[in-house]
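These notes are about the structure you will find just below.
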Amino acid sequence: VQLQASGGGLVQAGGSLRLSCAASGRTVSSYALGWFRQSPGKEREFVAASTWDGGKTYYADSAKGRFTISRDNGKNTVYLQMNSLKPEDTAVYYCAAARPPISSYYYPPFYDSWGQGTQLTVSS
C-alpha cells in the first residue's frame with residue numbers, strides 16, 4: 001500500500017485545515033487508518049485513528065474535541081479535519097495504514113504503511 005498525504009500548510013492559530021491521505025496499490029477498506037505527527041526533536045506521536053469501517057475512532061487527548069478523523073473507503077482515502085488549531089499543533093503529519101488484525105491503534109510499530117508526511121505550521 002502506498003499512502004500520499006496532502007493538505008498541510010500555514011494557518012493562523014484558531015484556524016482550520018483538512019488533511020487528506022489517499023491510498024493506492026490496493027484497497028484499504030479492511031485496514032485501520034491513523035494519523036501521527038512529529039515535531040523536531042520529538043518522537044512521532046499518535047493523533048487519531050479509525051477502525052476499518054469508521055465505526056470507532058480514537059484520539060489523543062490533545063486532539064479530542066478539535067480534530068475529526070474520517071474515511072471514505074470508496075475513495076480509498078482518510079481525512080483529518082483540524083479545528084481550533086494551536087501553535088503546538090505545528091508538526092509533520094503522517095498517515096498510516098495497518099493490516100488487520102491490529103494490536104494497537106496508538107503506536108507506530110503496529111502500522112505497516114506510511115505516507116511521506118505533510119507539514120502543518122500554525123502561527124500565533
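Here, each number is a calculation from the coordinates, and none is a lab measurement. The shown structure was predicted, so the numbers you read here are calculated from the model rather than taken from an experiment. No Cβ is skipped: glycine too gets one built from the backbone with ideal geometry, and neighbour counts run over all protein chains shown.
Its residues counted as N, region 30-124 yields a C-alpha radius of gyration over 2.2 N^0.38 Å of 1.02. Counting only residues at least eight positions apart within a chain, or on another chain, the lysines with an alpha carbon under 20 Å from that of Lys64 are Lys56, Lys86. Here the Karplus relation 6.51 cos²θ - 1.76 cosθ + 1.60, evaluated at θ = phi - 60°, turns the backbone of region 56-67 into coupling constants of 10, 10, 9, 9, 5, 4, 5, 9, 4, x, 10, 10 Hz, with x for every Gly and Pro. Protection proxy ranking of 45-58, 9-22, 100-113, by the mean of other Cβ atoms within 10 Å over each peptide's residues and highest first, is 45-58, 9-22, 100-113. Between amide H atoms placed 1.01 Å from N, distances below 5 Å from Asp112 occur with Ala97, Ala98, Arg99, all of them 5 or more places distant or on a separate chain. With a simple spin-label model that places each label point 7 Å from the Cα along the Cα-to-Cβ direction, the separation between Ser29 and Ala60 comes to 3.2 nm. Inter-label distance, Asp72 to Tyr106: 3.2 nm, where each label sits 7 Å from its Cα along the C-beta direction.
Distance between the pseudo-spin-label points of Ser39 and Ala13 (7 Å out from Cα toward the beta carbon): 1.3 nm.
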